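Colleague: Pasting a structure here, questions to come.
The values are calculated or read from the model by the stated rules, or taken from the named source; none is laboratory data. On a predicted model such as this, the values are computed, not experimentally measured, just so you know. We place every Cβ from the backbone using ideal geometry, glycine too, and count neighbours over all the protein chains shown. Ligands, DNA and RNA are excluded from the accessible area calculation, which covers all protein heavy atoms including side chains. Shrake-Rupley method; radii C 1.70, N 1.55, O 1.52, S 1.80 Å.
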Amino acid sequence: MSDAQTRQVRLATPDDMGAVVGMLRELAAFEQAPAGALRCTVEAFERDGFGPGALFTCLVAEEAGQVVGFLMLIPTYSSWLARPGLMIHDLYMRPEWRGTGLGRALVARAIALGRERGCGRLDVNVLGWNEARRFYEKQGFVAQPDWVLHRLTLEP
């Protein structure tokens, strides 16, 4: 069986959320997140990511039935373009699957999904020290050097 037959990128299902949470733990460790920063649960993702009021869209990369990467998209809106948009909130490939083309396939599927939904743009934020910036640039993303992310964390 060839790689093309065993690999796929698809919309996630609730059954994939355990694998996604596991990979988010790996991503948090890679990004050196402080202890307790990662609060996601499988139950929260099942509740928030599926059905008519879904708050995000998740794509998964699969190899021979095993989820080896994911890309999470959140909806945005551009008042300037008067069109919806999407933001890649997280993209993670397990280290042993990096360089296989599955990450590019996840981004290509996100782009296609944005076009299907009539989006005006697809955004992504990347930590300044993260070499993934080069990956995104190779996919056609352009750094916005004059824009600086500001955040206010709202605690419950």
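Colleague: Quickly run through the stretch 23-63 and pick out the residues that are small (Gly, Ala, Ser) and over 19 Å from Arg104 (Cβ atoms).
Modeller: If the condition is that a residue be small (Gly, Ala, Ser) and over 19 Å from Arg104 (Cβ atoms), then Ala28, Ala29, Ala33, Ala35, Gly36, Ala37, Ala44, Gly49, Gly51, Gly53, Ala54 are the ones that fit.
Colleague: Something else now. Residues of the stretch 94-115 being more than 15 Å from Leu71 (Cβ to Cβ) and either outside any loop (DSSP other than H, G, I, E, B) or open to solvent by less than 30 Å² (accessible area, probe 1.4 Å) (or both), which ones?
Modeller: Passing the criteria: Pro95, Glu96, Arg115.
Colleague: Residues Arg94, Arg117: which one is over 12 Å from the mean Cα position of the chain (by Cα) and more than 26 Å from Leu38 (Cβ to Cβ)?
Modeller: On inspection, the qualifying residue turns out to be Arg117.
Colleague: Considering only the stretch 76-93, state which residues are open to solvent by 70 Å² or more (accessible area, probe 1.4 Å) and under 24 Å from Glu26 (Cα atoms).
Modeller: Result: His89, single match.
Colleague: Within the set of pairs 6+ apart or on separate chains, which have a first residue in the stretch 94-115 that is farther than 16 Å from Lys138 by Cβ, a second that is surrounded by 15 or more Cβ atoms within 10 Å (Cβ to Cβ) and hydroxyl-bearing (Ser, Thr, Tyr), and C-beta atoms under 9 Å apart?
Modeller: Cβ pairs passing all conditions: Leu113/Thr57.
Colleague: Filter the stretch 113-136 down to the residues that are hydrophobic (A, V, I, L, M, F, W, C) and over 16 Å from Met87 (Cβ atoms) and list them by number.
Modeller: The answer is Trp129, Phe135.
Colleague: Let me ask something else about it. Being within 16 Å of the chain's Cα centre (by Cα), among the hydrophobic types (A, V, I, L, M, F, W, C) and either within 15 Å of Tyr92 (Cβ to Cβ) or open to solvent by 60 Å² or more (accessible area, probe 1.4 Å) (or both) is the filter here; which residues of the stretch 122-139 pass it?
Modeller: Val124, Val126, Leu127, Ala132, Phe135
Colleague: Separate question: What residue, among those in the stretch 31-48 that are modelled with pLDDT of 95 or more and more than 15 Å from His89 (Cα to Cα), is least open to solvent (accessible area, probe 1.4 Å)?
Modeller: Ranking the candidates gives Ala44 first.
Colleague: Looking at Glu155, Glu137, which one is acidic (Asp, Glu) and in a loop (DSSP other than H, G, I, E, B)?
Modeller: The match here is Glu155.
Colleague: Restricting the search to the stretch 140-156, which residues are farther than 26 Å from Leu81 by Cβ and open to solvent by 100 Å² or more (accessible area, probe 1.4 Å)?
Modeller: Within the stretch 140-156, Leu154, Glu155, Pro156 qualify.
Colleague: Looking for whichever is in contact (Cβ under 8 Å) with a residue 24 or more places away in the chain, open to solvent by less than 50 Å² (accessible area, probe 1.4 Å), outside any strand (DSSP E or B) and among the small types (Gly, Ala, Ser) here; the options are Ala28, Ala54, Ala19, Ala61. Which one fits?
Modeller: Ala19
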